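Beneath this line is the structure, given in structure tokens, with notes to follow.
The values are calculated or read from the model by the stated rules, or taken from the named source; none is laboratory data. All figures in this text were calculated on a predicted structure; none of them were measured in a lab. For neighbour counting, all protein chains shown are included, and Cβ atoms are generated from backbone atoms with ideal geometry for every residue, glycine included.
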């Protein structure tokens, strides 16, 4: 289940269409399409081990959703094996097809509870000729948000990522992974990536943007990379936070989306709420789509700490009309908290879909749906 089936770069002028089996590792697919002058629209810190079928089944977001959108928009077709053994062949390669229901959307993000994804056709953009990465420091989260607004306006068509991490994350990657902070210490850090077709044009736009945000004191310090090695070094600070957290102790992980103006307040409030019960409370994530990764560490698994975190984190997210599962699915641990994000009517309909497609409950049981549907 790890073979590339076809790659079509003729039918669509500016994009390629990759059709592959679900067991292909994301990093291998990325290398395959880059050799053909295209890129995968999805990029994750775990790309060296995750499979494209799992990415589709959880509707993974990744680092460049801001530029390329979610998998719901870039997946053109799927092959899915249903619970009764039937093979549903929806491996379309068309950008537009309104003949009836869009069946693939039912399986994207369903976590394998409705069918097993066995093959995927996915839209791959052209590989950009010019890539720049800026690593910046901000003295407040409000300054970070204002920087983002200016960034969207000034870098617009070439902006491909806008990520953030807090000082606690930086301390962890320095301590546990021996990575070096390339700029002066700051409470918050930003990773901005631009990707375009004209290096002179892109660098000029980035220069103008940096000049503006530094002159207005929104950004305290920064560095820019244009060479591949330095770009990878800057990205590794953001991508290896999860690895650093593993070295810090037992980690409680939360993946939520919130209105941008509230995104870091959850981290601040959680620190205050937990006090000295936790070893570390850190926040990082995707500013471009309002996705926060909140992580709490302790020396070992602690039931009292877990009770203090949950359901507090879900109640807080519900209060601000956020999502308790932004990009990684509900799985086993979050399924009974689904009502903090979905209505009773929506959950009942999910149950009905599950009963229709998997009446015996054999596909990834005990996942996504709550124990008791209201």
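The table for this structure:
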item	result
Qualifying residue in segment 320-332 (condition: surrounded by fewer than 17 Cβ atoms within 10 Å (Cβ to Cβ) and part of a helix (DSSP H, G or I))	no
Contacts under 7 angstrom Cβ, first residue in segment 280-307 being without any contact (Cβ under 8 Å) to a residue 12 or more places away in the chain, partner surrounded by fewer than 23 Cβ atoms within 10 Å (Cβ to Cβ) and not in a strand (DSSP E or B), 6 or more apart	none
Strands (runs of 3 or more DSSP E) (entirely within segment 95-166) containing at least 1 residues that are closer than 20 Å to residue 262 by Cβ, free of Cβ contacts under 8 Å to residues at least 12 places away in the same chain and not assigned by TED's automatic domain parsing to the domain that holds residue 197	none
Residue in segment 261-268 that is touching a residue at least 24 places away in the same chain (Cβ under 8 Å), surrounded by 19 or more Cβ atoms within 10 Å (Cβ to Cβ), at negative phi and assigned to a helix (DSSP H, G or I) present	yes
Scope segment 289-307; condition in a helix (DSSP H, G or I) and touching a helix residue (DSSP H, G or I) at 6+ places or on another chain (Cβ under 6 Å); matching residues	289, 305
